[in-house]
Amino acid sequence: MQIRDYIIRRLMVLPLLVVGVSIIVFALTRIGGSPIGIYLSHEMSQEEVAELEERFHLDDPVPVQYFYWASGVLRGDLGWSGVAAAPVTDVFLPKLAATMELAVSSAIVAVVLGIALGTFAGARRNRLPDHLTRVFSISGAAMPLFWFAILLLIVFWVYLGWFPIGRSDPDLWARIDHPTNLYTVDSLIAGDFGAFRDAVWHLTLPAVTLGYGATAIIARMMRSSLVEELQEDYVDAARAKGLPERLVLRRHARRNALIPTVTVIGLSFGFLLQGSVVAEIIFQWPGLGRWMADSVLRGDQATIMAYVLFTSVLFLVVNLAVDVAYAYLDRRVVLGE
Amino acid sequence: MTLVGSDGPAPPALAPAPVASVVDLRVHFRSKAGIVHAVDGVSFDIADGETLGLVGETGCGKSVTARSFLRLVPMPPGIQAGGSILFRPHRTCETCSGNGCAVCHESGRVPDACATCEGAGCETCAGSGYLTVDLLEIPEQDLRTIRGNRIAMIFQDPGKALNPALSIRDQLAEVFYQHRSAELLAAAAIDGEAGGPAGTLIRRKAALRSRLLEDALLSLPPLRARRNKLRAAADDRIVAALAETQIPNPRKVMDRYPHELSGGMRQRVMIAQALACDPDLLIADEPTTALDVTVQARILELVRELQSRHRTSVLYISHDLSLVRRVCDRVAVMYAGRIAEVAPAEQIFSDPSHPYTRGLLAAIPATSHERGRLVAISGTVPELINPTPACRFAGRCPFEAPVCRALEPEPKPTRDGHQVACFIHHPPRDAADGVPTFDRQVR
C-alpha cells in the first residue's frame, strides 16, 4: 500500500470520529449543568424559565437536543456567548487566530529546537553538551508553566522593560488590515515591517513560555532515542560504507530516532493548547484560552462546547498528521495495516 | 614513477606483498572490573586474493579484530592499546582494465607504489615498495576513502545492518555517491567541471553534500532533468550490483524496504553493497550465522563465487569450522584474544597442532560419535581482565606443563605456512624441563 492510499483511508475515517467526538462533547457539557444557567437570575419567574427552556429546546429529550445543536454546528451556528455578548462564531475566529499564532509559533520553535538540541546532545552522549542540554530540558519539563511565565513577566516586562505584554501596539494594529487575523502574517501582507516587528515583539514572551516545556520534552525524547539508534548495527554499517559522521547521523540515525519523537511532538501539541490558557491570561493575550477560562468560570456552555469540539477536532487532525509522519518515517507501519 | 605496471615490468623489490597485515594488534576495553584485554597481540597477514578464515568461540576477539580494520570499535570504552593494521590499497590494472593479465598476476588489480620510496622499499611501506597505510593511524578523512571503497564489510545480521527507514536503492546509492561521484557524473553525461551554481549544485548532490534546501532546488524543473540523469546513472549501477548477487528482478527489489525482503535477500543486498566499489578486502563477520541453514549454503556459495570473480581478498570470520573449511584458503584460530594457530585450511583439519584446535575439531558433532553425546573442551574461557603472562589455554589444556603458567607462547612457524603458539612445538630455551609434549599424554 502506498502512503497516499494510507492517507486517503485515514481521511475517510475522520468524519466518523468527529461525530463520535461531538456526541461525547455534548454529553459531557450537559452533565456539567444547564446551558441556560448563564441567563438565569433569582428575579425570574417559573414561567420565564420555562419559556427559556422551550426556546432552547430543553424540554425535548437529550438526543433531540443533540440534533438541534449538531445541525446548528453544521450551519455554522455555535450559539450565543454570554461572556463575549456576541454569537460564538463571530468571536471565535479572531480569537482562534490569536491562539493559533501563539501555539503554532511555539510549536515550530519547540520542534526545530527540540530536535536540534536532542540530536546535538545524543550525538555527544555523556559529554558536556549532553549534560548542559539535560539541565536545560529537565528544568523545562519540571518548571510549572504559570511560575515560569510570571518569572519572565517580572524580569523582562517589569524590570527590564525589554518586551511588552498584550498582543500589539494599538496604533500599529490599527494601521494595517487584518485579513487573516494572524498579526505577523497580516503585517507581512501589508508590507509593514514596523508592524511585523511589533507582532514578533509581542509574541516573544508568551511563545517562549509556551515553547520551553515542549522543547524540553521533545529534546529529551530525541536525545534518548538517538542514543539508542546509534547503538544499532546499521549505524556501523553506514560508517563502514565510508559515509562521514555527519551523514551517518543525519541520514541514518536521526531519521529512525525521529519515529518515537514524532509521537511526543503530537502529544506536546495538546500540552501547548493547555498551556496557552495560562500564557494568555498572564500575558494578556486575547486568545481562545483566556475566553475559555472566563467561560468556564461563568458557565457559558455554548462557548465551552465550541472550544472543546474545536480542540477535539484539532487533536484528530494532529493525530492524523503524526500517523502520516510515522508512516513516512517507518514504512513498516503502512505495511502492518 | 608513480604507477606500477605503466613503466614496464615491476622492479624486483616489488614482490607480492600481503594486502593487509595485522601486527601485534591490541584492543582493550575499560570495564568496572578492570581492563579487558579482548584482543591482545594478534598478528596475521592476508595475502592478495586469498580467503583467510578467522575462527574462535564467542568472545575470543575475532569480531573486535575485524572491526578494528575499519576502526568501528567504539572508543571509549575501547582502548587502542597498540599494534597496527597495515593495508595496501589497490587500483584497477591499466594494462588489462581489470580483466586479468600477467602484470597484475591475473588479479585485475595492482597495488599503488609507495609514495616515499617509489617502489624501492622503505620504512613507511614496511619494505614492500607498495603504498602502505596504517588503518589505525591515518586521519578519519583518509579512512573514509578506504571504508566501503577499498575495504568493505558484511555484517552478521543483515536485518539489523540495513537501515529499516531507507529503501534498498537509497542505501546502495550512498556507496556510489560517496566513492564514485565523478564516475556517476560522467555516466550521466553531466559536465563535472561545469561552472555556475547549477554545476555546483549537481556536484554537491552527487557527492552527498547537498542540504535540504539544495535538494528542493534540484527537484524543480530547470535542474530536475540533470538530477534525474544522475539518479538514472546511480540506478544502473545499483541494478548491476544487485544482479551480480543473483537477486531476481533487481529493478523491483531496489524500491523495496529491508523488512519486505527475506533474510537471504537482505544478505545478498548487503553483499551487493559491500562489493559495489570492487574492494581489495572484504570482511565478512559471520555472514551466515543469522540465516537459515538452507540459505546459508547459498550465501556461502555466492561469497565464494564473487570472491573468485573479483579476486577480492576475504577475511571470513566464523565460529563454524565446517563452514570455514568450505570457503577458506587459510585459517587463523583465535583463543581468548590471541592467535593460537594459523595454517592452510586443509592442514588445520588434517593435522591440527594446537591443543585448542584439536579440541575444537573434536567438538564438531560427527556421525561417528555415539548418538546423543557431544564432545566439549573441559573448563571455560578465562577472564580477560588484566591477564598474567601465561598461555591462555592453560587450565583447559590436556597437555599443560608448569611453563604454560609462567610464560606466554608466541605464534612461531612449525612447517610450511603453519604457525602455532604452543610450547609443545616451541619449547622455551631456558625452561627445558617441564615442557609439555604430546608424547607424555595419551592422545
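The values are calculated or read from the model by the stated rules, or taken from the named source; none is laboratory data. Given the structure is predicted, the values throughout are model-derived calculations rather than measurements. Quick reminder, even Gly has a Cβ in these numbers, built from the backbone with ideal geometry, and neighbours come from all protein chains shown.
Residue A:314 is checked against (1) without any contact (Cβ under 8 Å) to a residue 60 or more places away in the chain; (2) over 17 Å from residue A:221 (Cα atoms); (3) touching a helix residue (DSSP H, G or I) at 6+ places or on another chain (Cβ under 7 Å); (4) of a type in the set (A, V, I, L, M) and fails just one. What number does that condition carry?
Of the numbered conditions (1) without any contact (Cβ under 8 Å) to a residue 60 or more places away in the chain; (2) over 17 Å from residue A:221 (Cα atoms); (3) touching a helix residue (DSSP H, G or I) at 6+ places or on another chain (Cβ under 7 Å); (4) of a type in the set (A, V, I, L, M), the odd one out for residue A:314 is (3).
Looking at residue B:12, is it under 27 Å from residue A:232 (Cα atoms), part of a loop (DSSP other than H, G, I, E, B) and at pLDDT below 80?
No: the conditions fail for residue B:12.
Output the residue which, of all residues in the range A:283-337 that are within 23 Å of residue A:76 (Cα to Cα) and aromatic (Phe, Trp, Tyr), is farthest from the other protein chains (Cβ to nearest Cβ).
Filtering first and then ranking leaves A:291.
Inside the range B:285-314, can you point out the residues that are without any contact (Cβ under 8 Å) to a residue 12 or more places away in the chain and touching a Phe, Trp or Tyr at 6+ places or on another chain (Cβ under 7 Å)?
None; the set is empty.
Looking only at the range A:53-102, which residues are in contact with a Ser or Thr (Cβ under 9 Å, 6 or more places away or on another chain), exposed (fewer than 14 other Cβ atoms within 10 Å of the Cβ) and not small (Gly, Ala, Ser)?
A:90
Keeping to the range B:210-245, report how many residues are in contact with a Lys or Arg (Cβ under 8 Å, 6 or more places away or on another chain) and free of Cβ contacts under 8 Å to residues at least 40 places away in the same chain.
Counting residues in the range B:210-245 that are in contact with a Lys or Arg (Cβ under 8 Å, 6 or more places away or on another chain) and free of Cβ contacts under 8 Å to residues at least 40 places away in the same chain gives 7.
Have a look at B:182, B:216, B:234 and point out the one that is within 30 Å of residue A:231 (Cβ to Cβ) and in a helix (DSSP H, G or I). Before you say what the answer is, go through the steps one by one.
On the way: B:182 fails: within 30 Å of residue A:231 (Cβ to Cβ); B:216 fails: within 30 Å of residue A:231 (Cβ to Cβ).
Unique residue meeting the criteria: B:234.
Just the residues that are charged (D, E, K, R) and assigned to a strand (DSSP E or B), please, taken from the range B:26-61.
The answer is B:26, B:30, B:40, B:45.
In the range B:151-175, what residues are crowded, with 22+ Cβ neighbours inside 10 Å, at the interface with another protein chain (Cβ under 8 Å from one of its Cβ atoms) and not in a loop (DSSP other than H, G, I, E, B)?
Residues satisfying the conditions are B:152, B:153, B:161, B:174, B:175.
Among the residues of the range B:263-276 satisfying the criterion of being surrounded by fewer than 22 Cβ atoms within 10 Å (Cβ to Cβ) and in contact (Cβ under 8 Å) with a residue 24 or more places away in the chain, which is farthest from the other protein chains (Cβ to nearest Cβ)?
For the range B:263-276, the residue satisfying everything is B:264.
Tell me which helices (runs of 4 or more DSSP H) are completely within the range B:315-370 and hold 1 or more residues being among the β-branched types (Val, Ile, Thr) and without any contact (Cβ under 8 Å) to a residue 60 or more places away in the chain, or say none if there are none.
The qualifying helices (runs of 4 or more DSSP H) are B:345-350, B:355-363.
Given the structure, is residue A:90 of a type in the set (Asp, Glu), without any contact (Cβ under 8 Å) to a residue 40 or more places away in the chain and in a loop (DSSP other than H, G, I, E, B)? Before you say what the answer is, go through the steps one by one.
Numbers: of a type in the set (Asp, Glu): yes; without any contact (Cβ under 8 Å) to a residue 40 or more places away in the chain: yes; in a loop (DSSP other than H, G, I, E, B): no.
The answer is no for residue A:90.
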